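What follows is a set of notes on a single structure, which appears directly below.
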Amino acid sequence: MTSVNLLILVCIGYVALLFGVAFMADRMAARGRSTWLRSPLIYTLSLSIYCTAWTFYGAVGYAARSGLEYITIYLGPTLVMIGWWWGLRKLVRIGRSQRVTSIADLISSRYGKSTFLAICVTLLAVISITPYIALQLQSITLSFETFFAADPGSGYSSGSSVFWVASGLAVFAILFGTRNLDANERHHGVVTAIALEAVVKLVALLAVGIFVVWGLSGGVSQTMARIDASEIGAWQVDAGRWTTITFLAAAAFVCLPRMFQVMVVENDDERHLRTAAWAFPTYLLLMSLFVVPIAAVGLEIMPDGSNPDLFVLTLPLSQGQDGLAMLAFLGGFSSATSMVIVAAMALSTMVSNHIVMPIWLSSRGGGASQSGDVRKVVLLSRRLSIGAIMALGYFYYRLSGGGAALASIGLIAFAGIAQILPALVGGLFWRGATRTGALAGLVTGFVLWLYTSLLPGMGSMMSGDFLALGPFGISWLRPQALFGITGLDPMVHSVMWSLILNATAFTVASLLSFPSPLERLQGAQFVNVFDHSVGPRGWTGSVAQSEDLMIMSQRILGANQAQAMFQSEAKRQGADGHLPEPTPAFLERLERELSGSVGAATAHAMVGQIVGGSSVSVEDLLAVADESAQMLEYSSQLEIKSTELSHTAGQLREANDKLMQISHQKDAFLDQVSHELRTPMTSIRAFSEILRDTDGLEPSEKVRYATIINNEALRLTRLLDDLLDLSVLESGQVSLDIRGGILAEVLDHAVSSALSGEDAPLQVHRVTDSENVALLSDLDRLAQVFINLISNAQKYCDARDPAVQIDVHQQAGFLVIDFIDNGSGIAADTQAMVFEKFARVSTDKAGGAGLGLAVCREIMHRLGGDVRYLEGQAGGAFRVTLPSRQPNRQPSHRAAAAQ
Amino acid sequence: MGRKVLLIEDEPNIIEAIRFLLTREAWEVETHSDGTDAVEVIRASQPDLVILDVMLPGKSGMDILRDLREVPELAKLPVLMLTARGQVRDREEAEKAGVSRFMTKPFSNKEVLMAVRDLHAQATQS
């Protein structure tokens, strides 16, 4: 009897051997000595991961239970390899030209690089494959248990062994599948290890078969007799199930992520498919050769109730053939491990690329600045994904309880993954297929598959009524008899509905929707991949019209440059004239030159048009359109820039004009100041010289001239005061003295100040009742304004009995004080000017320089109010306004800011 | 030969000072204080000399001078210009317009009298 310890030792040794092989293969690939690694044989053997433990052990059990139906599992892939290898070749070519990393990537890429579609396919794959991985765990665990049962002293525990198997496989898959930092590289090591496992599988099964036929049964004829005697030969063939399962197996062969991984992603050379087209069916034939004999002999000689799924293992064990049993165990182990490793690799690539990485990148705000950083994250996310997928498989195994419930999982997984088929095949051959169609088909198929296959499969979780009567008693929604179709095999029923409705939804939605430009381009590239795929875009020696090329080049490059180029080329060729022969080398040079001006795609299309050797493809046109769009964008950017420039220039001009205007204003102001200062000084100087130099002046004359001097000196002082005042007010450096007070008192003070020392009688009319208003303001400044206005009335009012009326009232939150005299007022055309500096309007009367009103206006603005000329009154009229409700607000604010 | 001065000036105190000075030198002094009709007043008054302010209401002294020189019989009339602006460009402008003598305010009385005498002497010699 083989001890458990020995078994575990052998397993570890075997895994170590696989690692060694993988390591060596990677080393050789890195050194470029890998010709045999890239042989079609390795490729064919790697395809054998199609044969999992389910096939290795389960085929015998399948045959023991259902007769020859197991053949369908082999028949599907065989038909694909032989009858559809050209379709596979297209898949491989697309995979290489589009640098596809998984089946989800392929579907997404075909339908306009749709992220959402990729996520859907990824989820569908994960949900379908998880039970399948659980199945592998089960088979390894069962095979271990078979040995444990034969070695009672080992004290094994079923639960822990599953856990260790799952963990071991996860570590195995992580070490194998994510060794390379560069996730895009092919996994030569893994593929080689898988090829070795394929050999071990085949040898083990053949060895057991040979032992059974010639060792146990005593030859071929006796074996045939046993088969005839058993139930296997008598099984009825159900045409519906046969067709369906064959079709499912074929679909799964194309759509399974792990098959896609080895067949498309790991493919080195599409010619390998030619070899695989006959070699792989041969491999499958050999794998299936001894299934029936083993089943028949096992049923006959093994005790009743023994599990036919384990005949491959238990038959040699029961005969004491420990070595053979060990080999069979390794065969099963190989089947399970190779499937789990590649499936985990493929799924983790999908999960990582389409779910984890987009989330990570968007969480970083799209700032994938350091590529090294991203690589580490990619690797980490793949490793975590492998761990998560294995954990899912493990928990599924634990929850489903293992045992017989898992046996039917293989086909259910096939049916799930087959839902990708319509979108895949449609995408390869039908340009009208759209993203919306693919999505509609996938979702429809997925939902129906969940409802009709997966749900009834979870038997214990469903109530019997649900299956028998339908949800809520709606009979036509019964999961296994949709739309009232009964009497069908549940599996056939599920596959038929899900795939038919999937394909229908896909077709109808594709016809009804419009593809985006990117979808059109990708569709064209996928469907017509053989028309314009990789290969240098060189020109072959076709007869081109050199003259036409010359004309075109002149238009693009300019006459001189084009002629110079053509002449230099002609000279180089040794031609007589100035036109060179259109040799391929020249055409390529020309294309290069032109592409500098119009872009590579346009140059290629233009030369192609003239040379006539090649028609312009859709791809070329799309590239041209792309370039044009870029140029348009560039030119529109230029346009925006030039608009901005002219805008800026306009602003500069405006600013300059303003500066010039200010400069003129300053000059005018200085002229004015000079005039206003020099005029009184002239009088002072003239009369003081007269007083000094003139003898015999009358005393009255002396007094008169001295008075003039005095008045002009006062006038000068006032002017200087006003100038300083205005300068302080305008610069905003004035500090206001805000106090509380009564308007009437301020007016009293202003009137008495304005009238003191003046002879001319000015009547001031006031309504004292209305003046009893509380103020919070700079009362001195306010008085200054009032004094100015009253003085103006005194100076300029031309009435015979000059009088000024002061009216006070409230208006819209403002305190309004009007000063209206009985003179002729100010002419309408000069009213706007009176507040400008030195704008003395009346020339008839001498008096203050024209700064008074300008100062008043500045003061009132500082106090939060205003002063303006009041139109439509009998005489000259000025209106002062002050904010009355919150008088302190504006001034105090300004005062604070000023300090 | 008469000695008549026409003083075109809008500042009353300055008018009074100049009138005082010239009257003592036996000049007949006429005054006018608006720029608008100054050229007509000059033509009508036929003075021997004009003292002209620049900043006048209605029409500037510069414009009056230019218009004055357009009139043939007034082209050589001596004009003493007095200005309170007194920048270099004003002097240049005045000379271009054909001023006989240009002075800035405030002036010394002596200078004004000297200028009037000079201008009158030149006019009578030629």
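Key figures for this structure:
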| quantity | calculated |
| --- | --- |
| Neighbours by Cβ (under 8 Å, 6+ apart or cross-chain): first from region A:786-805, of a type in the set (Lys, Arg); second outside any helix (DSSP H, G or I) | A:LYS795/A:LYS845; A:LYS795/A:GLY847; A:LYS795/A:GLY848 |
| Flag if A:THR246 is out of contact with any Leu (no Cβ under 7 Å at 6 or more places or on another chain) and either at pLDDT 80 or above or surrounded by 21 or more Cβ atoms within 10 Å (Cβ to Cβ) (or both) | no |
| Residue that is surrounded by fewer than 18 Cβ atoms within 10 Å (Cβ to Cβ) and facing another protein chain (nearest Cβ under 8 Å), where the choices are A:ASP737, A:ASP693 | A:ASP693 |
| Some residue of region A:311-321 being assigned by TED's automatic domain parsing to the domain that holds A:LEU117, outside any helix (DSSP H, G or I) and at pLDDT below 75 | no |
| Qualifying position, being modelled with pLDDT under 90 and outside the structural domain of A:GLY852 (by TED's automatic domain parsing), among A:ASP721, A:ASP780, A:ASP798 | A:ASP721 |
| Subset of region A:698-719 [under 20 Å from B:THR23 (Cβ atoms) and within 10 Å of chain B (Cβ to nearest Cβ)] | A:GLU701, A:ARG704, A:TYR705, A:ILE708, A:ILE709 |
| Tally of residues being crowded, with 20+ Cβ neighbours inside 10 Å and over 21 Å from A:ALA668 (Cβ atoms) across region B:66-101 | 8 |
| Those residues of region A:53-111 which are assigned to a helix (DSSP H, G or I), of a type in the set (D, E, K, R) and under 42 Å from the mean Cα position of the chain (by Cα), in sequence order | A:ARG89, A:LYS90, A:ARG93, A:ARG96, A:ASP105, A:ARG110 |
| From B:LYS59, B:LYS76, residue being within 14 Å of chain A (Cβ to nearest Cβ), outside any helix (DSSP H, G or I) and either within 13 Å of the chain's Cα centre (by Cα) or not aromatic (Phe, Trp, Tyr) (or both) | B:LYS59 |
| Residue match in region B:4-23 (condition: touching a Gly at 6+ places or on another chain (Cβ under 7 Å) and within 14 Å of another protein chain (Cβ to nearest Cβ)) | no |
| Pairs with Cβ under 8 Å, 6+ apart, first in region B:100-113 and facing another protein chain (nearest Cβ under 10 Å), second in a loop (DSSP other than H, G, I, E, B) | B:THR104/B:ALA84; B:THR104/B:ARG85; B:THR104/B:GLY86; B:LYS105/B:ALA84; B:LYS105/B:GLY86 |
| Number of the exception - A:LEU135 against (1) among the aliphatic types (A, V, I, L, M); (2) more than 28 Å from A:GLY61 (Cα to Cα); (3) modelled with pLDDT of 80 or more | (2) |
| Residue ID - modelled with the lowest pLDDT, chosen from residues in region A:656-675 that are surrounded by 12 or more Cβ atoms within 10 Å (Cβ to Cβ) and either within 58 Å of the chain's Cα centre (by Cα) or within 8 Å of chain B (Cβ to nearest Cβ) (or both) | A:ASP671 |
| Condition met for B:GLU28 (free of Cβ contacts under 8 Å to residues at least 12 places away in the same chain and under 19 Å from B:VAL5 (Cα atoms)) | no |
| Subset of region B:45-56 that is touching a Gly at 6+ places or on another chain (Cβ under 8 Å) and part of a loop (DSSP other than H, G, I, E, B) - its residue that is farthest from the other protein chains (Cβ to nearest Cβ) | B:ASP48 |
| Filter pass, B:ILE42 being within 11 Å of chain A (Cβ to nearest Cβ) and hydrophobic (A, V, I, L, M, F, W, C) | no |
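The values are calculated or read from the model by the stated rules, or taken from the named source; none is laboratory data. Quick caveat: nothing in here was measured; it's all calculated off a predicted structure. FYI the Cβ positions are ideal-geometry reconstructions off the backbone, even for glycines, and counts take in every protein chain you see.
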